[in-house]
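**Student:** Submitted below is the structure of interest, expressed as structure tokens.
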Amino acid sequence: MDAFFVSVEQRDNPELRGKPVAVGGDGDRGVIAAASYEARKFGVFSAMSSKVARRKCPDLIFVKHRFDAYKAASLVIRSIFREYTDLVEPLSLDEAFLDVTHNKKGIAIATDIALGIKARIKGQTDLTASAGVSVNKFLAKIASDMDKPNGLFVVKPHQVDHFVAGLAIEKFFGVGKVTAAKMKAKGIFTGADLKKESERELVKWFGKAGHYFFNVARGIDNRPVVSHQGRKSLGAESTFSEDYSDKSILLEKLHKVAMSVNKRLAKSGGLPKTLTVKIKFADFTQITRSKTVVNGISTLEQINLLASELLEKALEPFHKIRLLGISLSNFEGEKQKKAQGQLTLEL
């Protein structure tokens, strides 16, 4: 979906249309959850502090989030997806992978399916979506961002090598700022550069992700679209009204987050084995620290003990912290799906 949260707000409030709008808190401690395309022209983007966003765009209009409205729109959109295929793998409220090889409507051309879905979404929700169409998840994901907003970008089988070779390394799904910087330090700036490196070297430099980078540099991604997934993670986080460096205060704040996580765990009924602590510093840099326990995590005491241990190890003197989060993952019973072949549907 295109600027999903903000688009819902502009749809429901015509006075916001055509104006720079951000969903998020307008205080100095606020963070932008989503920005309209009008706001993006000024350099305002999600995850940016509201203070910086206001400096970049003095006329920016702040709107408080309405998650119920976003969820309602998302349910309509997902129901449209399932008119075409049951193989729908949601990534978030506003994004999903669809395997339309054997679609319910018997449409032979994948691009026609994308056009149909886009039209149905517009008709049902008055919102626009952008679609990427290709032979696997990696390529479809990148294609979906190539022609926003209201775009449709297709990468056909014979175009894959040329398309991947010309991609800037930052465009690769799974390559963040830190990894991009490491790659550039190795002389890797494009997909063509990445393809020159051996799998052995990539694994040496980037660990297990090296196998993934070696394959996607060749347009290979055999992950299937998985429509029914067990819970992968749950968590909670808290942004503070001011930055803290005092350990006792931080541990107290962390305990409150742990209590929220424990309530969500109780509702889920699952048994996670891995706990991760997220720490965002005053300068907006962030780190995560994780620990896995063999017998699983089931009590508030365990959550608090593990989280406190990880936080204390990560604390550095005089480094102020603005946010702490805890997430639980690696739930018992999770299974790796066997990889399947790439799609053979006409694009």
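The values are calculated or read from the model by the stated rules, or taken from the named source; none is laboratory data. Because the structure is a prediction, the values reported are computed rather than measured. Every residue, glycine among them, receives a Cβ derived from its backbone with ideal geometry; neighbour counts consider all protein chains shown.
**Student:** From the list SER245, SER268, which one is under 23 Å from GLU312 (Cβ atoms) and of a type in the set (Gly, Ala, Ser)? Even if it seems obvious, please write down each step before you answer.
**Tutor:** Working: SER268 fails: under 23 Å from GLU312 (Cβ atoms).
So the residue among SER245, SER268 that is under 23 Å from GLU312 (Cβ atoms) and of a type in the set (Gly, Ala, Ser) is SER245.
**Student:** Restricting attention to region 318-340, does a residue exist that is free of Cβ contacts under 8 Å to residues at least 12 places away in the same chain and either buried (at least 17 other Cβ atoms within 10 Å of the Cβ) or farther than 30 Å from LEU87 by Cα (or both)?
**Tutor:** Taking every residue of region 318-340 in turn, none turns out to be free of Cβ contacts under 8 Å to residues at least 12 places away in the same chain and either buried (at least 17 other Cβ atoms within 10 Å of the Cβ) or farther than 30 Å from LEU87 by Cα (or both).
**Student:** Now, a different point. Considering only residues that are assigned to a strand (DSSP E or B) and charged (D, E, K, R), which ones fall in region 309-333? Give the derivation first.
**Tutor:** Residues of region 309-333 assigned to a strand (DSSP E or B): 321-331.
Answer for region 309-333, where residues must be assigned to a strand (DSSP E or B) and charged (D, E, K, R): just ARG322.
**Student:** So how many residues does region 92-128 have that are in a loop (DSSP other than H, G, I, E, B) and out of contact with any Leu (no Cβ under 7 Å at 6 or more places or on another chain)?
**Tutor:** Kept after step one, since they are in a loop (DSSP other than H, G, I, E, B), are these residues of region 92-128: 93-94, 99-108, 126-128.
Going one step further and asking which of them are out of contact with any Leu (no Cβ under 7 Å at 6 or more places or on another chain), we end up with 93-94, 102-108, 126-128.
Residues that pass the stated criteria total 12.
Table: residues versus (1) in contact (Cβ under 8 Å) with a residue 60 or more places away in the chain; (2) among the acidic types (Asp, Glu).
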residue: HIS211; (1), (2): no, no
residue: VAL216; (1), (2): yes, no
residue: ASP221; (1), (2): yes, yes
residue: LEU234; (1), (2): yes, no
residue: SER241; (1), (2): yes, no
residue: LEU250; (1), (2): yes, no
residue: LEU254; (1), (2): yes, no
residue: ALA258; (1), (2): yes, no
residue: ARG264; (1), (2): no, no
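**Student:** Further question: Could you check region 10-30 and list, in sequence order, the residues that are modelled with pLDDT under 95 and surrounded by fewer than 21 Cβ atoms within 10 Å (Cβ to Cβ)?
**Tutor:** Those that are modelled with pLDDT under 95 and surrounded by fewer than 21 Cβ atoms within 10 Å (Cβ to Cβ): GLY25, ASP26, GLY27, ASP28, ARG29, GLY30.
**Student:** Kindly provide the set of residues from region 272-283 that are touching a helix residue (DSSP H, G or I) at 6+ places or on another chain (Cβ under 9 Å) and either closer than 19 Å to ARG322 by Cα or in a loop (DSSP other than H, G, I, E, B) (or both), ordered by number. Full working, then the answer.
**Tutor:** Taking region 272-283 as the starting set, the residues that turn out to be touching a helix residue (DSSP H, G or I) at 6+ places or on another chain (Cβ under 9 Å) are 272, 275-277, 279.
Selection gives THR276, VAL277, ILE279.
**Student:** For region 269-298, name all the residues that are of a type in the set (Val, Ile, Thr) and either under 22 Å from PHE240 (Cα atoms) or out of contact with any Leu (no Cβ under 9 Å at 6 or more places or on another chain) (or both). Can you show your working first?
**Tutor:** So the first thing to find is which residues in region 269-298 are of a type in the set (Val, Ile, Thr), and the list is 274, 276-277, 279, 285, 287-288, 292-294, 297.
Passing the criteria: THR276, VAL277, ILE279, THR285, ILE287, THR288, VAL294.
**Student:** Out of the residues in region 126-148 meeting the condition of being touching a residue at least 60 places away in the same chain (Cβ under 8 Å) and hydroxyl-bearing (Ser, Thr, Tyr), tell me which one is farthest from VAL164 (Cα to Cα).
**Tutor:** So the first thing to find is which residues in region 126-148 are touching a residue at least 60 places away in the same chain (Cβ under 8 Å), and the list is 126-130, 133-139, 148.
Checking the rest, the ones that are also hydroxyl-bearing (Ser, Thr, Tyr) come to 128, 130, 134.
On the way: THR128: 27, SER130: 20, SER134: 12 Å.
Out of the qualifying residues, it is THR128.
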